[in-house]
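> Below is one structure. I have some questions about it.
The values are calculated or read from the model by the stated rules, or taken from the named source; none is laboratory data. Because the structure is predicted, anything quoted here is derived from the model rather than measured. In this analysis, Cβ positions are derived from the backbone assuming ideal geometry, glycine residues included, and neighbour counts consider all displayed protein chains. The accessibility values were calculated without ligands, DNA or RNA, using every heavy atom of the protein model including side chains. Shrake-Rupley method; radii C 1.70, N 1.55, O 1.52, S 1.80 Å.
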Amino acid sequence: MSKLPFQTLKAFSDAHPKPSNRHFQYGTAGFRTLGSTLDSVMFRVGVLAGLRSKRLDGKTIGVMVTASHNPEQDNGVKLVDPRGEMLEASWEGHATVLANAATTDEFLTALDALVKAVKIDVSKPARVVYARDTRSSGPALVAALEDGFKALGIEARDAGVTTTPILHYLVKAINTKGTPESYGEDSEDGYYKKLSGAFKKLVAGKTEPEPLVIDCANGVGAHAAAKLAEYLGNSIPLVLENIATSTPGVLNESCGADYVKTTQRLPPNLVDKLKPGQRACSLDGDADRLMYYYLDERGHFYMLDGDKIAALVAAFIVDLVRLAGLDSEIKVGVVQTAYANGASTKYLSERLPVKCVPTGVKHLHHAAEHYNIGVYFEANGHGTVLFSPTTQEKLAKHEPSTPAQSTALNHLINLTQLINQTVGDALSDMLLVEVVLTHKSYSGVEWNSLYADLPNRLVKVVVSDRNAFRTEDAERRLVSPHGLQTRIDELVRRYGGGRSFVRPSGTEDVVRVYAEASVRSQADGKDYPHVIGTSTYVVFVTELAFRVAGLVYDEAGGDPSRRPKEFL
Ligand code: G16
């Protein structure tokens, strides 16, 4: 077995020293922190991607440079495995070890240990495809990544500036090229062609929808949405907003899917642009999350989040499976996280099997693979639908006995092409939502009325060490710090039920607190048609969230003089 090119690795590594005062962690979505600190991490991830490829016989590995919904000064990097899914969990630990080697010598020793531990044949070829979002720190970080590729002699393909889901698509398309499982042409154009082609077939003969407004978060989704719009032609009119990708300081700023979800508000600059009832949606900074919303006649805001998308899509697919005459053979299931609104879980569980898993697409994706058709969405708008290989085969071979069965079957087959099954994809999900709304002749109002959200509130607490917070039961309960869960339970009881949980973020140095009101009839008995508004439920749940946040802050030894004044 040949050896690693230590001399070359050493020379390159010396040019990318690790900052001594930093600890890096491969979290929920790879490494993610201040962009200015990530040079050494990028170089080392470049080398690691090559080793992962060699370990998998030269299959192409994806590398995405992005910090998604995080503020503009952050950046990050994540690896994509050959089928387009997130990096296998055991390699997350290897990534963290390599990123934290203090010196070049330690880095080389760690590389050698990794090669031996996971039995990598270094003589195998290594291939990667990489891309970045629009952040200004991106080009320099990509240069460091490319040094990693050069140091190991990796065959690297630059996919340029593009969205995370397009990079995932490319990885799968490259690795399945020329095989019976071919995922599509291995180019960005191939992606647009595949999605737009399927969309046009699915809406053929239906009334053209009213224009859809897309808030592109001033991120890379603006580029992709513009190209997609060209391919879609007049099958759906799209109005792109927040497309200033080269203006410093505006990425995800008062716009984008995370802003909408966490503030439960419309991006302020859209207020005057939306007509009552007009559908609008927000992407996040790398276009893997999607939030829908609309305003009513009185200007009230209604949010249709990942839970509402799951409810809409799952019901549609279940209907199609039944209409195709396949309901005894194909079972549909849903995967959610603890953030799922209690009303959505109730609505869905009355109709389908529902599973709850920890936050992070990788957890949802793997759980969804256990269903014939698995619908997974996080409340934050990150999700997709998976059709198992045997289900896809069944759809291809099934012989319908009536024209109605044949139509439903074709719709299902076209959905397998419309949906980016590698990962959550805001643009693919948006087209999916539009298909369902068109087929059902739903406006946002009908969609929203599937169930009424329970009022909820999400609060961030900055702590010195988020790793001191550990959870169990799909993140619904804390096991450490010791005793804190008991105090949260007491608080929740005092507030007349409801629900609250605390978990460390996997993408930011914070702990998140979620609180949700319990059944509406237990509060003041009034009828609140939507979450936002002057409701005692909202006051109740906000107070609960800030009380729990206060407990967390104090428990984590937060400086009393800097305690946020809203924490109770
Ligand atoms: C990433 C993951 C999502 C996850 C989110 C949670 O999102 O890809 O699956 O829901 O992080 O973040 P946290 O752990 O900080 O609450 P994204 O869109 O930032 O890549």
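> Only one of (1) open to solvent by 20 Å² or more (accessible area, probe 1.4 Å); (2) on the phi > 0 side of the Ramachandran plot is not met by Gly84, so which one is it?
(1)
> Tell me, yes or no, whether the stretch 34-43 has at least one residue that is under 29 Å from Lys261 (Cα atoms) and in contact with a Pro (Cβ under 7 Å, 6 or more places away or on another chain).
yes
Okay, residues lined up against (1) assigned to a strand (DSSP E or B); (2) within 16 Å of the ligand (Cβ to nearest atom):
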site	(1), (2)
His23	no, no
Ser40	no, no
Gly50	no, no
Lys54	no, no
Gly58	no, no
Glu72	no, yes
Lys78	yes, yes
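> Return the residues of the stretch 333-356 that are of a type in the set (A, V, I, L, M, F, W, C) and open to solvent by less than 10 Å² (accessible area, probe 1.4 Å); say none if nothing qualifies.
Val334, Val335, Ala338, Ala340, Leu348
> I would also like to ask the following. Only one residue in Ala156, Ala198, Ala173 is open to solvent by less than 70 Å² (accessible area, probe 1.4 Å), assigned by TED's automatic domain parsing to the domain that holds Pro237 and either touching a Gly at 6+ places or on another chain (Cβ under 8 Å) or among the aliphatic types (A, V, I, L, M) (or both). Which one?
Of the residues listed, the single one that is open to solvent by less than 70 Å² (accessible area, probe 1.4 Å), assigned by TED's automatic domain parsing to the domain that holds Pro237 and either touching a Gly at 6+ places or on another chain (Cβ under 8 Å) or among the aliphatic types (A, V, I, L, M) (or both) is Ala198.
> Criterion first (within 12 Å of the ligand (Cβ to nearest atom), of a type in the set (Gly, Ala, Ser) and either surrounded by fewer than 19 Cβ atoms within 10 Å (Cβ to Cβ) or not in a strand (DSSP E or B) (or both)) does Ala404 satisfy it?
So Ala404 does not fit the description; no.
> Mind listing just one residue for me: the one in the stretch 28-38 that is open to solvent by less than 10 Å² (accessible area, probe 1.4 Å) and in a strand (DSSP E or B) and, of those, farthest from the ligand (Cβ to nearest atom)?
Applying the filter and picking the extreme gives Phe31.
> Does Tyr192 meet the test of being within 29 Å of Leu409 (Cβ to Cβ), open to solvent by 20 Å² or more (accessible area, probe 1.4 Å) and not acidic (Asp, Glu)?
No: the conditions fail for Tyr192.
> Follow-up. Would you mind finding the one in Val435, Val511, Val492 that is surrounded by fewer than 22 Cβ atoms within 10 Å (Cβ to Cβ) and either modelled with pLDDT of 95 or more or not polar (S, T, N, Q) (or both)?
Criteria check complete, one pass: Val492.
> Still on this model: List, please: which pairs have Cβ atoms under 7 Å, are six or more places apart or on different chains, and start with a residue in the stretch 1-25 that is closer than 17 Å to Gly148 by Cα and end with one that is open to solvent by 60 Å² or more (accessible area, probe 1.4 Å) and basic (Lys, Arg)?
Hits for this filter: Phe12/Lys150.
> Take the residues in the stretch 357-392 that are surrounded by fewer than 21 Cβ atoms within 10 Å (Cβ to Cβ) and away from the ligand (no atom under 15 Å from the Cβ); name whichever of them is nearest to the chain's Cα centre (by Cα).
Per the criteria, the residue is Glu369.
> Please find, among Arg44, Arg52, the residue that is surrounded by 21 or more Cβ atoms within 10 Å (Cβ to Cβ) and free of Cβ contacts under 8 Å to residues at least 40 places away in the same chain.
Arg52
> Looking at the stretch 154-168 only, could you name the residues that are within 16 Å of the ligand (Cβ to nearest atom) and not β-branched (Val, Ile, Thr)?
Pro165, Leu167, His168
> How about the stretch 283-329: which of its residues are among the aromatic types (Phe, Trp, Tyr) and buried (at least 24 other Cβ atoms within 10 Å of the Cβ)?
Within the stretch 283-329, Tyr292, Tyr293, Tyr294 qualify.
> Report, by residue number, each residue of the stretch 234-265 that is away from the ligand (no atom under 16 Å from the Cβ) and free of Cβ contacts under 8 Å to residues at least 24 places away in the same chain.
Ser254
> Among the numbered conditions (1) closer than 22 Å to Thr263 by Cα; (2) small (Gly, Ala, Ser); (3) modelled with pLDDT of 95 or more, tell me where Ala452 comes up short.
For Ala452, the failing item is (3).
> Here is a further query. Looking at the stretch 115-154 only, could you name the residues that are part of a loop (DSSP other than H, G, I, E, B) and within 30 Å of Pro248 (Cα to Cα)?
Asp133, Thr134, Arg135, Ser136, Ser137
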